[in-house]
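Reading through the C-alpha cells given below for one structure.
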Amino acid sequence: MPFAKASSLKLDGIASLSIAFSGAFWGLWWIPLRQIEHQGLSGNWANLVLYAAATVVLLPIVLLRPRPTGQDIWRLVVIGVLSGLGFALWNNALLYGAVVRVTLLFYLSPVWATLLGVLLLGDSLGALRLLSILLGLAGASMVLKFEGMLPVPRDLAEWSGLASGIAFALLAVYVRKSRDVGALEKTFANQLFAVPFAGLFLFLLPAPAPSFAALISSLPLILVSCVWLVPVMFLILWGAGRLDPGRVSILLLFEVVASATSAALLTDEPFGWREVAGCMLILGAGLVEGLNGLRGQKDRPAASATG
C-alpha cells in the first residue's frame, strides 16, 4: 500500500512537470508557426498543412492500438470537435494577431470554464470563483481598452483568441467525463478534426496557395513542428487525465509567461504598462481558480467519507 501511494505521487509529480513543460512550449508555439508562414505557407495554409501533417504522423501509431468502441467513439468525436476548433482558432489568432493580446484573451478560459461549470454541471459559485471571474474580466478590460461602452476585441484575430478560450473551456468541462479515454486517441482526434476547421478558416480568410517549391522547402520545419505539436498536446491531455483541473489551470499559466516574454524580446508588438497589468490580472484569475479547484479536490474525500 505505501508503495502504491508513493508510485501514485511520483506519477502525479511527472504529470505536473509535463503540464508545466507543455504550457511553456505552447507559449513559444507562435515562433515555428510564423516561421512556416514566412517560408511561403501564408495565412491558414500553415494551420492546415501542420494539422494534416500531424494527423499523418499519428495515423500509423493509432492504427496499431485497439480500436475504441461504443461510447468512447462519440466521446472522441466531441473531444475532436471542441479541441480541433479551439486550436485551429488559436493558430489563426497567432498568425494574424498580436501574440500577447490573443494569448491573454485565450486565458480568459478559466472564467468561461467557471461559468460553464456553474451552468452545465451545477458547480457552486463561491467567493473564490467570483473573484476569479472579476479578475479575468478586469484583465481583459485592461488589455482591450475601453472603446465605447464595453471592451471588445478589435479584430478577427482577437475574436479568434477569445473564441478559442471558450472552446477550450467547453473541452475542459467535457473531458471531466472522459478521463478513461486514452490520451493518444484524444491527441489524434484533436489533430484530425483541426484539419477541416483550418480549411474553413482558409476559405473565410483566403491566402495565396503555396508553390510546390515552397512546400518542399518547408517540409523540414513542418516535421520539426509536428515533433513539437504532437508530444506537447499528448502531455497536456495525459497530465490533465491524472491531475485535478485546479492544478492543471495553475501549471498551464506558464504559457502566458513564455508567450509574453518571447513576444517582447522577438517582436515589435506593443507591451507596455496596460499589457503588463492585464497579464497580472489574468494570471491572478487563473491562480485563484486553480487554488479553488485544489481546495475543492481536498474537500471531496472528506465529504464522501462523512456522507
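The values are calculated or read from the model by the stated rules, or taken from the named source; none is laboratory data. Given the structure is predicted, the values throughout are model-derived calculations rather than measurements. When we count neighbours, we look across all protein chains shown, and the Cβ atoms used for this are built from the backbone with ideal geometry, even at glycine.
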Next item on the list: Give the number of residues within segment 44-84 that are part of a loop (DSSP other than H, G, I, E, B) and loosely packed, with under 13 Cβ neighbours inside 10 Å.
Entry: 6
Next item on the list: Go through Leu221, Leu202, Leu215, Leu144 for me and flag whichever is more than 20 Å from the chain's Cα centre (by Cα), at pLDDT below 80 and surrounded by 14 or more Cβ atoms within 10 Å (Cβ to Cβ).
Entry: Leu144
